[in-house]
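**Student:** Starting off with a structure, shown below.
The values are calculated or read from the model by the stated rules, or taken from the named source; none is laboratory data. Being a predicted model, the structure only gives us computed values, none of them experimental. Note: ideal-geometry Cβ built from the backbone for every residue, glycine included; neighbour counts use all protein chains shown. Side chains are part of the model used for accessible areas, which takes the heavy atoms of the whole protein and leaves out ligands, DNA and RNA. Shrake-Rupley method; radii C 1.70, N 1.55, O 1.52, S 1.80 Å.
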Amino acid sequence: MIADGRIAINGEKVTTPATLLETLEGVTYDGRPVRAAAATRLYRFYKPQGTLTAANDPKGRATIYDRLPKGLPRLMPVGRLDYMTEGLLLLTNDGELKRQLELPRTGVVRTYRARAFGTVTQNQLEALAEGATIEGIHYGSINANLERRTGRNCWIEMSLTEGKNREVRRVLAHLGLQVSRLIRTAYGPFRVGGLDPGNIDEIDSDELAEFRRSLK
């Protein structure tokens with residue numbers, strides 16, 4: 001864009017990318033003033049079952065954007081939840097924050113509750129703390145606890161930091177369990193409590209600022 005002469009400062013075309021700016025005052029792109037980025041915003045959304053974490057679907061299935069209310073800023077999902085997984089999905093208008101929250105090296109813990117059919121022991125679940133390799137894919141440390149069991153049905157809480165595609169379902173299937181319901185209950189310090197499926201609310205700016213400081 002600079003080489004094409006599309007960027008200017010106070011009417012003079014910028015000729016080199018090695019240009020340091022203290023503010024965006026006077027900067028234009030194709031003659032239009034460049035505005036400062038909007039303030040970072042972060043929302044909690046309870047993604048219902050049967051919705052895609054996508055902008056649209058060629059098959060015509062419902063997406064999260066079909067469930068969001070009108071009047072919100074342009075929002076991007078932080079990570080993904082698969083079609084039948086429900087629970088907490090964070091949404092933001094800030095691509096940098098989205099990327100930061102998604103990177104495994106950031107170490108943000110995702111917590112899930114899974115209802116599953118089959119037999120498993122607490123010792124088997126605790127062994128997941130060492131990670132697991134399934135069909136050539138290595139899954140990192142998972143903190144898993146058996147909450148309760150009724151017959152061959154059980155509820156399991158699992159916390160992890162990687163968030164690979166369908167990780168919880170694949171790890172539990174590896175243990176011989178069939179997941180019938182999967183809910184993400186937390187992403188970092190943000191919890192889904194208080195939201196019903198399809199509901200959304202904005203995280204307080206002070207709470208967001210404190211969380212961002214903790215990531216550095």
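**Student:** Among the residues of the stretch 179-201, how many are assigned to a strand (DSSP E or B) and surrounded by 13 or more Cβ atoms within 10 Å (Cβ to Cβ)? Steps first, please.
**Tutor:** The initial filter retains those residues of the stretch 179-201 that are assigned to a strand (DSSP E or B), namely 179-187, 190-191, 200-201.
Narrowing the set further to residues that are surrounded by 13 or more Cβ atoms within 10 Å (Cβ to Cβ) leaves 179, 181-187, 190-191, 200.
Here the count works out to 11.
**Student:** Starting from the stretch 2-20, take each residue that is at negative phi and list its partners that are open to solvent by less than 100 Å² (accessible area, probe 1.4 Å) and basic (Lys, Arg), counting only C-beta distances under 7 angstrom and pairs at least six apart or across chains.
**Tutor:** none
**Student:** Please report, ordered by residue number, the helices (runs of 4 or more DSSP H) entirely within the stretch 48-127 with at least 2 residues that are buried (at least 18 other Cβ atoms within 10 Å of the Cβ) and at negative phi.
**Tutor:** Where helices (runs of 4 or more DSSP H) fall fully within the stretch 48-127 and carry at least 2 residues being buried (at least 18 other Cβ atoms within 10 Å of the Cβ) and at negative phi, they are 95-102.
**Student:** Does the stretch 164-171 contain any residue that is crowded, with 18+ Cβ neighbours inside 10 Å, assigned to a helix (DSSP H, G or I) and among the β-branched types (Val, Ile, Thr)?
**Tutor:** We begin by selecting, within the stretch 164-171, every residue crowded, with 18+ Cβ neighbours inside 10 Å; these are 167-169, 171.
Subsequent filtering for residues that are assigned to a helix (DSSP H, G or I) retains 167-169, 171.
Filter once more, keeping what is among the β-branched types (Val, Ile, Thr): 168, 171.
Checked against the condition, which is being crowded, with 18+ Cβ neighbours inside 10 Å, assigned to a helix (DSSP H, G or I) and among the β-branched types (Val, Ile, Thr), the stretch 164-171 yields at least one hit.
**Student:** If you don't mind, another one. Just checking, does the stretch 22-32 include any residue being touching a residue at least 24 places away in the same chain (Cβ under 8 Å) and open to solvent by less than 80 Å² (accessible area, probe 1.4 Å)?
**Tutor:** Checking the stretch 22-32: at least one residue is touching a residue at least 24 places away in the same chain (Cβ under 8 Å) and open to solvent by less than 80 Å² (accessible area, probe 1.4 Å).
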